[in-house]
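So the structure is just underneath, and the comments pick up after that.
The values are calculated or read from the model by the stated rules, or taken from the named source; none is laboratory data. Owing to the predicted nature of the structure, the values given are computational and were not obtained by experimental measurement. Cβ coordinates were reconstructed from backbone atoms using ideal geometry, including for glycine residues, and neighbour counts include every protein chain displayed. Just so you know, the surface numbers come from the protein's heavy atoms only, side chains and all, with ligands and any DNA or RNA stripped out. Shrake-Rupley method; radii C 1.70, N 1.55, O 1.52, S 1.80 Å.
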Amino acid sequence: QVQLVESGGGLVQPGGSLRLSCAASGAISSIENMGWYRQAPGNQRYLVATISRLGNTNYADADAVKGRFTISRDNAKNTVYLQMNSLKYEDTAVYYCNADLVIGPTMANYWGQGTQVTVSS
């Protein structure tokens with residue numbers, strides 16, 4: 001069974017840090033783009049950042065996360081990370097992993113189940 005499993009969320013004080021991980025498992029041939037989205041209560045899901053198989057990164061809202069969030073991946077481990085520093089109240093959301101997985105001759109888009117990040121004092 002192919003799946004994405006996130007971990008690393010939790011409760012953190014403003015100014016703190018968290019590192020989210022998302023591991024893909026199953027009969028995967030390769031992984032193309034991977035990314036992180038977030039959804040705050042009452043809001044739609046927004047893209048945070050993406051990273052290509054070759055490591056090219058894109059941050060959807062650079063002003064919101066610039067200098068604070070860093071996306072990276074380990075292709076050998078089929079894992080994508082989101083390092084979040086200097087966290088703010090407005091970073092509170094459920095964070096979802098997304099990936100384009102190549103399974104045999106086809107590629108399909110998958111979502112993780114989400115991990116809660118709460119920034120609170």
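Assorted remarks:
- Gain upon complete extension [residue 116, residue 102; 0.36 nm per residue less C-alpha separation]: 2.3 nm
- Between residue 109 and residue 68, the simple spin-label model (points 7 angstrom out along Cα→Cβ) gives 2.6 nm.
- Solvent exposure of the chain, expressed per residue, is 53 Å² of accessible area, with all protein chains present and a 1.4 angstrom probe.
- Computed from label points 7 Å out along Cα-Cβ, the spacing between residue 29 and residue 7 is 2.9 nm.
- Most mobile listed residue (49, 60, 99) in the chain, GNM with C-alpha springs under 10 Å: 60
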